[in-house]
1. Between a residue in the range 160-173 that is under 17 Å from Lys91 (Cα atoms) and part of a helix (DSSP H, G or I) and any residue that is open to solvent by 60 Å² or more (accessible area, probe 1.4 Å) and not charged (D, E, K, R), which pairs come within a Cβ distance under 9 Å, given they are 6 or more apart or on different chains?
2. What number of residues in the range 81-101 are in contact with a Ser or Thr (Cβ under 6 Å, 6 or more places away or on another chain) and either part of a loop (DSSP other than H, G, I, E, B) or under 12 Å from Ile19 (Cβ atoms) (or both)?
3. For the range 41-79, name all the residues that are modelled with pLDDT under 95 and polar (S, T, N, Q).
4. Which of the residues that make up the range 101-125 are acidic (Asp, Glu) and more than 13 Å from the chain's Cα centre (by Cα)?
5. Among the residues of the range 74-104, write down those that are β-branched (Val, Ile, Thr), closer than 20 Å to Ser14 by Cα and surrounded by fewer than 18 Cβ atoms within 10 Å (Cβ to Cβ).
6. List, please: which pairs have Cβ atoms under 7 Å, are six or more places apart or on different chains, and start with a residue in the range 135-154 that is within 11 Å of Ile44 (Cβ to Cβ) and of a type in the set (S, T, N, Q) and end with one that is modelled with pLDDT under 85 and open to solvent by 50 Å² or more (accessible area, probe 1.4 Å)?
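The values are calculated or read from the model by the stated rules, or taken from the named source; none is laboratory data. From a predicted model like this one, the values you see are computed outputs, not experimental measurements. Neighbour counts run over all protein chains shown; Cβ positions are idealised from the backbone, glycine included. Note: areas computed on protein heavy atoms with side chains; ligands, DNA, RNA excluded. Shrake-Rupley method; radii C 1.70, N 1.55, O 1.52, S 1.80 Å.
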Amino acid sequence: MAPPSSSPSPPPVSLRVVILFLRVLTAVFLVITVIILSTNSVTIDSQGTAVKYHFKDVYAYRYMFSAAIIGLVYAVIQLFFTISELATRIKNSINYQLDFYGDKIISYLLATGSAAGFGVSKDLKDALLALVALDSTDPVDKFFSRGYASASMLLFAFVCLAVLSVFSSYAISKH
């Protein structure tokens, strides 16, 4: 019988590839979220008065944007660690802790950002259409549709991180 190994063994190659794929997918969803939100603006014409709104004028959209940026920074850092682990087949024991706690914290941040985006898009669109007599609702629909789209991308990033969180929970319990 072989003596137990003193260093933790890395997960199988196929699992590491799945983890890399999910990390890349998370980063892609977050980049799309940042692009959609940062380009989201609308000019509303109401009875001869034009007012321009940007995503940063809505607090929940700013929260979504911040959550996406923080998540993106985390995703890029984790991508480097995952690629390094895949290339060297060595995983530092501190990386297990970073994966476990980081995936949990960032996934909750992304989930709350997505929920805030969905909620504010619904409520503000209804309130704006009820309070302001608009010449056309097309610009308002486009503005809030982009809000829904970015909240959806944030939700997809959350799902990827939630799956990664399950993998990191499993990995930390083994080591």
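1. Sorted first by the residue in the range 160-173, then by its partner, the pairs are Phe167/Val18; Ser168/Leu98; Ser168/Tyr101; Ile172/Gln97.
2. Keep residues of the range 81-101 that are in contact with a Ser or Thr (Cβ under 6 Å, 6 or more places away or on another chain), which gives 99-100.
Restricting the remaining residues to those that are either part of a loop (DSSP other than H, G, I, E, B) or under 12 Å from Ile19 (Cβ atoms) (or both) gives 99.
Going through the range 81-101 one residue at a time, the tally reaches 1.
3. Scanning the range 41-79 gives Ser41, Thr43, Ser46, Gln47, Thr49, Gln78.
4. Keep residues of the range 101-125 that are acidic (Asp, Glu), which gives 103, 123.
Residue satisfying the conditions is Asp123 alone.
5. At the first step, the residues of the range 74-104 found to be β-branched (Val, Ile, Thr) are 76-77, 82-83, 88, 90, 94.
When the remaining residues are screened for being closer than 20 Å to Ser14 by Cα, the result is 82-83, 88, 90.
Once the filter is applied, which keeps residues that are β-branched (Val, Ile, Thr), closer than 20 Å to Ser14 by Cα and surrounded by fewer than 18 Cβ atoms within 10 Å (Cβ to Cβ), the range 74-104 yields Ile83, Thr88, Ile90.
6. As it stands, the answer is Thr137/Leu129, since those pairs meet every condition given.
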